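Notes for the one structure printed next.
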Amino acid sequence: MRIRFQSKILVPFAGLIALIQCATVLAVISITGQDAARRTREQFEIGTTVFRADMSDRESKLLNWVQILSRDFAFIEAIATQESRTISSALVNHGARVGADLALLVKLDGTIVAGHGQLQEKVEHHPVRALLARAKSERRAVGIVMLDGSLYQVVVMPVYGPLHLAWLCMGFMIDDDVARSVKRKTLLEVSFLTQDESRRHLLVASSLMASQRNRVQEQLAEARIVQEASRPFVLDTTDYLTQFIPLGDASSPDGPSFHVMLQASRSEALKSHRRLRTILVALTLIALAISTLVASMLARSITRPVQALMEAAQRISQGDYDKPVRITSRDEMATLAEAFNEMQQGISARQAQIVYQSSHDRLTGLYSRVVAHDRLDATIRRATEDAPVAVLILSIDRFKEINDKLGHHMGDRVLQAVADAISDRTREVDTAVRLGGDEFMMILAHHDAESARSVAEQLARGLSDSVSVSDLRVSINLSVGIAVHPEHGSRSDVLLRRADIALYGAKRATWPIALYEHGQDEQHLRRLAVIEELSNGLSKGEFTLYYQPKIALPSRDVVQVEALLRWTSSKLGTVSPDEFIPLAEESGHIHAITRFALDTALRHCAEWRANGLNVAVAVNLSALDLAHDSTLGYVSESLSRHKVPASCLLLEVTETAMIENLSQSIRTLKTLHDSGISIALDDFGTGQSSLAQLKRMPVDELKIDKTFVQNLKQDSEDACIVRAAIEIGHSMGLQIVAEGVEDESCLRLLEELECDLIQGYFISKPIAADCFEKWVRDYYSERVPPSTEALPH
């Protein structure tokens, strides 16, 4: 059975009161001596606790600032680009903010890149090397190191971006000021010890006076002194009791160890008890009853603060940081209580910060992706059958273009503006989440499909009407996908997936807000399967090129062929270009596919030219190809490798691809055009380009879209459109190509309209490369006398 601390004091005193006066006096002397020792032990325990709390606070402060700096985007970018001056400035600034005495950035090869404090060229000669070794296995390290005769408390953490780039080291110096600071909190003398090369203990920093330090250093010559828990030291005329606390080390097991030495004056501890013993001896002879009462009150006064501190420690261990420790005395117990309260507040603040940061996005202040499922689950649980829950996933259109053109700082401001607009339309029962990148989510309680659509329309309308961002007026366009519980699913993961599917549909549709429709899951799974097989199709050689001839009018000579990509997947079967090309652009596979098409087409063109067949080959480029830096170099390299003249290559781009980034597209195409490559504007008439924009484009051909050609008849609306396109093109010095020619009457009408080139099923369906030469021979033998320009030998 556990005996209360108060009972341990009361029972001995009650027994002593019953003894004769002599026994009482002897007992009082004994007890006062024990009380002095106990107070000294308590003082050491308090000092140890306060010291560890102080070191822990310094460590937490270091960790917090190192984490902030290691996640700073500008700092990571400076490391990745090796901007030494920026790195040094960041280290100095952040070090100054936290008051750090040491800040280093260490490359992975051990080279110290920059910092302030103690610098060396290579980390292998630096005392932090052992901490770096530990950090490599534990992902971070905290420890004490000795540097140029001073102790440092150092934190080492990696810097990622996203790969491991370097090690960040930051530390505080442990000097006399630190010792005096701990002394003020504990009322104990504080000294920090280390060892020299001969394993002798040396005093590095201390709150002692200079004369006392010399005496301590003389007695520290005995190495075994740090192995003893308590040992008297004679400093001047004062008899000190000493407590050693190991600080650990940041080096190898054979390296120096570090200790903190706490010292309390035994004379001061016994001074009050000597007076008390004298008084008690006198009082015991006259008033035993009063002595008993005094003993009881003394016991309660001693145990009440201890009990309060014990209860506070139990509350803290259970996560209750709200109730402070209240002790009205002004002794060490009150100091300890204050330290407990400060520690409790610090833990509470750090806990709240950790909880907030783990569940909220730092840039926008909205909830983060990690709590999206939990918040949606909670909202669904609170909802009744008559109260649906709507899930909206929102994406900023052309956000990458905003980042590229206006800078990432402006991109962040746009994200914050969208987050503010979402928050303004979010009630207390709703939830706003930033999923990452330019995607957000809204969880709207008591909203059906129509009311959710209304919220989305209001939000999109408000942002598209131009928003003030950093003194600029920016029009922000959103795409929104909506799914509703329970109509579209009862589980959070299902609703999120279907809202995301709806968002995909909104991005591809003309209207930017889309509600999930049943059956779209299968389409989504199909898209995922196609994307997954795209890379496999390239590596397995499943892609092939077919060629559709282009015929010149009125000569009807074969002058060009268009390379058309075909894919027969081993798992999916035949996949239409209309299906896999958009998915290749979304997934990033389009560049590899374009390179395959360009390389294969030029290889075939070179083979035909070697056999005497002189036709130009047309290859399609996507909008992403126009924006990619490597496109120009690869086109030039492919022409050189296959020894095909630039005049034999025609690159076709759609109006939509040009308009997506008109300035960049014009620059890229002008460079290609200047090298001798012909440029054709595909699907003319279906896009949104104006004549002013067309005038700026470095194009040689206009291809009239087949939707205007397939049902072409005299005096029809299509005929008017085609006639106008031909006249506009000719007035600008461009050749006109009509695709989709499927009968003789259409061909003859195009001849009357003075169209320059035609292609379509009436001439030929797309032909495999190994059959193309034979087709050309058959074509010339059946239709017209062979032309020496195009007919193969």
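The values are calculated or read from the model by the stated rules, or taken from the named source; none is laboratory data. Just so it is clear, the structure is predicted and the values come from calculations on it, not from any experiment. Glycine gets a Cβ as well: all are built from the backbone with ideal geometry, and neighbour counts include every protein chain shown. Accessible surface areas use protein heavy atoms only, side chains included; no ligands, DNA or RNA. Shrake-Rupley method; radii C 1.70, N 1.55, O 1.52, S 1.80 Å.
Looking at region 528-781 alone, DSSP beta bridges between its own residues are antiparallel in about 40 percent of cases.
Once you order the gyration tensor axes a ≥ b ≥ c over the Cα atoms, which shape class does region 588-723 get: rounded for a/c under 1.5, otherwise prolate or oblate by comparing a/b with b/c? Oblate is the answer for region 588-723, as a/c is 1.5 or above yet b/c matches or exceeds a/b. In this simple spin-label model, placing a label point 7 Å from the Cα along the Cα-to-Cβ direction at both GLU450 and ASP196 gives a separation of 9.0 nm. Remark: region 356-373, residue by residue, has Karplus-estimated 3J(HN,Hα) of 5, 5, 6, 10, 10, 7, 5, 6, 9, x, 7, 4, 9, 4, 5, 9, 4, 5 Hz, where x stands for each Gly or Pro and the curve is 6.51 cos²θ - 1.76 cosθ + 1.60 at θ = phi - 60°.
Given charges of +1 on the Cβ of Lys and Arg and -1 on the Cβ of Asp and Glu, with all other atoms neutral, how large is the dipole of region 546-589 about its Cα centre, in debye to the nearest 20?
In debye, rounded to 20, region 546-589 gives about 240.
The residues TRP608, TRP511, sorted by heavy-atom accessible surface at 1.4 Å with ligands and nucleic acids left out, run TRP511, TRP608 from largest to smallest.
When +1 charges are put on Lys and Arg Cβ atoms and -1 charges on Asp and Glu Cβ atoms, the dipole computed for region 360-518 relative to its Cα centre reaches about 320 debye.
Using the empirical formula 2.2 N^0.38 Å as the baseline, the Cα radius of gyration of region 555-665 reaches a ratio of 1.13.
Computed from the Cα positions only, the extents of region 47-195 along the three principal axes stand at 51, 29, 27 Å, in decreasing order. Against the empirical 2.2 N^0.38 Å (N residues), region 125-205 has a Cα radius of gyration ratio of 1.33. Net length available on complete extension from ILE728 to ARG350 is 129.1 nm, with 0.36 nm assigned per residue and the Cα-Cα distance removed. Using the Cβ-Cβ distance between SER267 and ASN214 with R0 set to 35 Å, the FRET efficiency works out to roughly 0.95. Spatial offset of region 359-415 relative to region 700-722 amounts to 46 Å, using the alpha carbon center of each. Each peptide in 435-445, 584-594, 407-417 receives the mean, over its residues, of other Cβ atoms within 10 Å, and ordering these scores from highest gives 435-445, 584-594, 407-417. Structure note, pairs LYS136/LYS183; LYS571/LYS643; LYS400/LYS670; LYS183/LYS323; LYS571/LYS713; LYS107/LYS185: Cα-Cα distances above 32 angstrom occur for LYS136/LYS183; LYS571/LYS643; LYS571/LYS713; LYS107/LYS185.
TYR761 contributes an accessible area of around 130 Å² to the protein surface, as traced by a 1.4 Å probe with all chains present.
Can you pull the Kirkwood radius for region 528-781, inverse mean 1/r over Cα pairs, to one decimal in Å? Can you show the working numbers first?
On the way: mean 1/r = 0.0532 Å⁻¹.
By the Kirkwood definition, the hydrodynamic radius is 18.8 Å.
Taking a sphere under 12 Å around the Cβ of GLY411 and counting the other residues whose Cβ falls inside, with K and R at +1 and D and E at -1, yields a net charge of 0.
On a per residue basis, region 62-174 carries 46 Å² of accessible surface, using protein heavy atoms and a 1.4 Å probe.
With viscosity set to 0.890 mPa s at 25 °C, what whole-number translational diffusion coefficient in µm²/s follows for region 360-518 from Stokes-Einstein and a Kirkwood radius over Cα pairs?
Estimated via Stokes-Einstein, D reaches 158 µm²/s.
The protection proxy used here, the mean number of other Cβ atoms lying within 10 Å of each residue, ranks peptides 617-625, 573-581 as follows, highest first: 617-625, 573-581.
Label-to-label distance for ARG425 and SER587 is 3.3 nm, based on points extended 7 Å past Cα in the beta-carbon direction. FRET efficiency for the pair GLN416 and GLU83, taken as 1/(1 + (r/R0)^6) with r the Cβ-Cβ distance and R0 = 22 Å, rounds to 0.25. Surface exposure of region 528-781, expressed per residue as accessible area with a 1.4 Å probe, stands at 43 Å².
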